[in-house]
Each structure stands twice: as C-alpha cells, then as structure tokens.
Amino acid sequence: MTNKTALYDQHVAAGAKIVDFHGWLLPIHYGSQIEEHLQVRTQAGIFDVSHMTIVDLAGKDSENFLSYLLANDVAKLKTPGKALYTAMLNETAGIIDDLIVYKINATNFRLVLNAATREKDLIWIRQQLKGREVKLTEHQDLVNLAIQGPKAREKTAQALPENLRESALNLKPFTSVIQGDWQVSRTGYTGEDGFEVLLPKAEAAQFWQALLAVGIKPCGLGARDTLRLEAGLNLYGSDMDETVTPLESNITWTVALEPKARNFIGRAALEAQQQQGHYPHLLGLLLQDKGVLRAGQKVFQRGQEIGVIISGTFSPTLKQSIAFARVLAQGDEDCQVQVRDKMLTASLVKLPFVRNGQAVFKLIKEVEGNE
C-alpha cells in the first residue's frame, strides 16, 4: 500500500515526476534535478518531507528515558526549543536509526525519525518504554516541509503566519519555535541554511502556495540526495544501518561519552570498539578521472582492496564525481576505484565536500598532517 502526503496534488500540478519511496508517492524531480540542486545552493528550494515519522514523548520520565535510549545526551538541551542530532543504537552499537530530538519543555520531547525505519523504530522505542511513565504519540496530522538555501530564511519568513515571522528569523541553528500546531526549526539536510516547518495538513496547501509565491522553487528527492552527499550527510539504509556503529559511520560527534555515569544503549560495545581501534572509517572520495562513482564499487590502495563505496553521485557544485566509502585506509589520500574493468584514480578526503555553496573538503593527508 502506498501513501500520499497532503501535498500530493500540489506536486502533480507542478509537473513532478512521482516515484514510490518506501511506500510513499513522492516527487523525484520537477523537470531538472541539477537545476533544483543549484537552486538550493544559490537561492532557496522547498522539499516535502512529510513521509518522515514524527513522535512526541511526554511524561516526567521523558528526559531520563531519552538519556538511556539515545547516544547523544539530551541533558545538553538546556532550554525549550533546543534540538540535537543523534543516533539510536542497539546493544552491539549498531545504528537502528539517526534522528533529531527537540525539547518542547521539561517533560515533553519530539523525535523526527526516518520513514524507512518507522515500524522497527516504534517497536524498539515501545519495548524500551515498558515500566516508564512516558506517553508516546505518533503524529499523522502534520506536514513536514524543508526550505533550504542561502535565501531560504528571509523568503520563508514572508510566507509564515505573522505571529511566527520575527521569532523564526531570530532562531539560532538547531533551535525551534512552536506556536500552536506550527513548529519552525533552523535545521536541514542539505549543507545550507534554512528551516524545517511542521504544520497542520489542513493549512499545508495554502502555505505551499505562499512559499512558491515568494520565489521558492519546489525540489524533489533527487536533488535532496545530491545535496546531502555534497554536505557529507549520511542516508540511513545506504551509509549506515544496524551492521555498523557511529565510529564506522563518521558520526562519532553525535555520541556523548561524558558524563561517564550516563548509561545508554550500546555504550559498552562502542567503548570496546573504540579501545580496540582498527575499524573501518567512512571517508569521502573525489574522482580524478572521468566517470561516475556508484555504490558497490571496490576501493584499492597499493594494489590491496581497502573498502567499498556506499553512496556515489556526480556533484553539480564541484562538477566531478564524489562518493562515500567505508575503508581501512593506509594513511595516503591516493586510491583507485574499480569501475567495470578499469581502475580509476581518486582521492580520499575528509567530509564534507561542500558547505554553504563552497568546497570545504580536505585531503586525508592534509588532515593527518594538522593533527
């Protein structure tokens, strides 16, 4: 069974090519994926991400529960409106999902989970909730829109309800404001500034049209994927899953091992892996030869296989092929990628490739030389 977002008819009217994405009918593009990508890098684009799972947790034990459930520490969220990116791990430190958690108030938190992991996430969370005074509510009454780009905030403010405009413009990164059923957050998945807006389904079409009226262009899943790759942001199911840990997925920064007294699911396994060392790392690849890097292609150094590409694409910003690879590198940025029967030259780089429209990657040798 396929699902449609509340804006399905708006997408069709805008000429979207619709695809099935994990059981949801969503736009892959509205004519040109590259034009949509560059629109977000230079102006502002809007994505309908209403397929994401939105869950509220309420109750006096909510913060203690999330402290145990998540690898990052929700105690960092000192004031209402603060947000945190983190991972939810199993006992072996495998990644069940990555998510953003928002603090609504002292006893209420909101999680935004991936669509593809919805069922297993909810089962896992409910299993861990047993015996705790916490109520879980899944929202199916909200639309989730991501407006991204260097001009996204100023343009979006023009379309927001008047009571949200000033507070939205004053938001700092990874903070949010809630007015009634609307939530505006300064977060995103593109490497650009912008907002993610949750609002009631009944008001979605009008807000969508208001965004288009101020010059924000609709963008599909295709551009979202190339943008997140340039920004060095993982896609669950491609770049991480329950078989790999945060240490192997370039998201160690989302794990809080201090304070040492905090016990979270997967902590013991993660500390053991960290102490052991010699685990594969997720790095960027920049192709120096002609061609396109794709998932499944093997990576070599000095004639030895060191890993495999897990996501790859052509970068519209850099105008060359880029990829993520999980590798056991040998301290040199030079490597080769097997593309059919050819060995193509590439460079290993520290992610991200692009932030705020500019190339920011560093060669692995340069990074190690500065450490």
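Throughout, read-outs are computed from the coordinates displayed, never taken from laboratory work. Being a predicted model, the structure only gives us computed values, none of them experimental. Quick reminder, even Gly has a Cβ in these numbers, built from the backbone with ideal geometry, and neighbours come from all protein chains shown.
Quick look at the values:
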quantity	calculated
Net charge of Cβ neighbours under 13 Å - reference residue 44; Lys, Arg +1; Asp, Glu -1	+1
Cross-link pairs beyond the 20 Å C-alpha cut-off, checked among 60/130; 120/298; 319/362; 172/201	120/298; 172/201
Net charge, residue 108 excluded, C-beta distance under 10 Å - Lys, Arg +1, Asp, Glu -1	+1
Length gained when the stretch residue 261-residue 79 is fully extended (0.36 nm per residue, less Cα-Cα span)	63.3 nm
Length released on extending from residue 67 to residue 169, taking residue separation times 0.36 nm less the Cα-Cα span	33.7 nm
Shape call, the chain: gyration tensor on alpha carbons, a/c limit 1.5	oblate
GNM flexibility winner over the chain from 222, 312, 232 (Cα, springs under 10 Å)	222
Of 273, 304, 33, the one that fluctuates the most in a GNM where the chain has Cα springs shorter than 10 Å	304
Solution diffusion estimate, µm²/s, Stokes-Einstein, the range 1-88, Kirkwood Rh from C-alpha pairs, 20 °C, viscosity 1.002 mPa s	132
Dipole of the range 253-371, positive end: most advanced residue of 293, 348, 361 [Cβ charges, Cα centre]	293
Cα shape, the range 280-370, gyration tensor, a/c 1.5 rule	oblate
Sequence-distant residues sharing a close amide H with residue 354 (under 5 Å, placed H)	231, 232, 360
Rounded Å value of the spacing that divides the Cα centres of the range 143-215 and the range 264-306	36
GNM top mover of 191, 303, 81 - the chain, alpha-carbon springs below 10 Å	303
